[in-house]
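Reading through the structure tokens given below for one structure.
No lab work stands behind these numbers, since they all come straight from the coordinates. The model shown is predicted, which means the values in this text are computed figures rather than measured ones. Counting neighbours? That spans all protein chains shown, and the Cβs are built from the backbone with ideal geometry, glycine included.
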Amino acid sequence: MSLLETMADKGLRREPPTRAEALAVLATSDDDLLDVVAAAGRVRRHWFGRRVKLNYLVNLKSGLCPEDCTYCSQRLGSKADILTYTWLKPEQAADAAAAGMAAGAKRVCLVASGRGPTDRDVGRVADTIAAIKDRSPDVEICACLGFLGEGQGERLREAGAHAYNHNLNTSDAQYADICTTHDFSDRADTVQRAQAAGLSPCSGLIAGMGETDEDLVDVAFALRGLDVDSVPVNFLIPFEGTPLAGRWSLTPQRCLRILAMVRFVCPDVEVRLAGGREIHLRSLQPLALHIVNSIFLGDYLTSEGQAGKADLDMIADAGFEVEGADVPTMPGHRREGSAAPEAEAEPVSDAEPAPAGHADLVAVRRRGAGTDLPPNA
């Protein structure tokens, strides 16, 4: 049986690949790209059909973060020319969320820059959740506020939050290269705190920061080990004014291989095509829909995304359908709390360097929440 047949068959059984197999997916050639997409597509369709879940970001507080994550335009010392503003009022956030929901988003992601929320901040977010749910009681709310303190996850759940996002971003081995103000274990701890509080854990990665194939595989297996429900896969947006400005190491083909590897390692979870998809996948975005089952609609936190109507047209043209609010995203066994089997440890081999990518211009967000201009939804 070929590598890709093996990977697909394991995914249908919720059986993890070995690390060597995951690395082999990343090492496949461009000649095999459609076969990689097809194999990952078998797994995606088995667990999620042809549905695409739409998520919409609302940036509650932008910029001036005290952490020094090198990839982030909101980091300590950032010179990126982004919008900066303090907390949106609940009604402002509800207005922003309404734009995304009107376009079909079933989950609203409430994000605030900073190391972590104070108890007063949690109260602000609770008021915002109430304002959104007053208009749309059934919408899913995911909070992303940084490191959680004692009891904060429980307060968010009681306020109506469904999920909590806190990305691992990269492997434990690489983490010190991208951040010095906290470490990998801090992030894993918050994912576990959210899960213990009864929130659906959402955690993902960023590709294109100089990581090796081993780093990508390690973070994918770490996410599987944490048993997260959602895995957003971001591709580095190299903002001018950040330490990773000018870092263009991704091609559309490599992005698709990364998505496929994540799908094979996490076959029955929501894999979300997230930040940077437009500038790195470019015309191959529709192929990614055969691997992922979720995307962000419209703009991101500090950068412009593809217009919401273009996203909806892409989904329809590729033969997929927007997931309805009344349709559960997760397969039944995950909704019942059944954990996926543990991955087995395998040695990893040296990775080839990633090929150079095309240096598209990054468009900084100038509209939507925090501005007087309508959102791109």
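Considering only the other residues whose Cβ falls under 10 Å of the Cβ of C202, what net charge follows from Lys and Arg at +1 and Asp and Glu at -1?
On the way: positive: R107, R272; negative: D229, E270.
After counting each charged neighbour, the total is 0.
Against the 2.2 N^0.38 Å scaling, with N counting residues, where does region 142-287 land? I'd like the Cα-based Rg ratio to two decimal places.
Dividing the Cα Rg of region 142-287 by 2.2 N^0.38 Å gives 1.04.
Compute, for the chain, the length of the dipole vector about the Cα centre, with Cβ point charges of +1 (Lys, Arg) and -1 (Asp, Glu) only. Units Debye, rounded to 20. Let's see the in-between values first.
Working: 39 positive and 54 negative charges, 214 e Å.
Here the chain has a charge dipole of around 1020 debye.
In whole angstrom, and with the biggest value first, how far do the Cα coordinates of region 124-190 range along each principal axis?
Principal-axis extents of region 124-190 (Cα, largest first): 44, 21, 15 Å.
Output the relative contact order of region 14-324, whole-number percent, from Cα pairs under 8 angstrom with separation of 6+ residues.
Values: 615 pairs, mean separation 77.1, N = 311.
So the answer I get is 25 percent.
Among A260, A27, A188, which one shows the biggest mean-square fluctuation in a GNM of the chain, springs joining Cα atoms closer than 10 Å?
Result for the chain, Cα springs under 10 Å: A27 fluctuates most.
Determine the sum of side-chain charges near C142: Lys and Arg each +1, Asp and Glu each -1, restricted to other residues whose C-beta is under 12 angstrom from that of C142. Provide the component values of the computation, followed by the final result.
Working: positive: K53, K106, R107, R157, R272; negative: E140, D229, E270.
Computed value for this residue: +2.
Rank these for me by crowding, T28, T128, going from fewest to most other beta carbons within 10 Å.
Ranking T28, T128 by Cβ neighbours within 10 Å, fewest first, gives T28, T128.
Give the separation of the Cα centroids, region 298-321 to region 96-164, in Å.
What the calculation gives is 23 Å, centre to centre.
Once you list every other residue whose beta carbon is under 11 Å from the beta carbon of R44, what net charge do they have if Lys and Arg are +1 and Asp and Glu are -1? Write down the numbers at each step before the final one.
Numbers: positive: R42, R45, R50, R51, R263; negative: D268, E270.
Local charge sum for R44: +3.
Mind telling me which of P328, P117, P16 comes out most flexible in a GNM of the chain, alpha-carbon contacts under 10 Å?
P328
Please build a GNM for the chain, connecting alpha carbons under 10 Å apart, and tell me which residue among H280, H182, H333 fluctuates the most.
Taking springs between Cα atoms under 10 Å, the residue moving most is H333.
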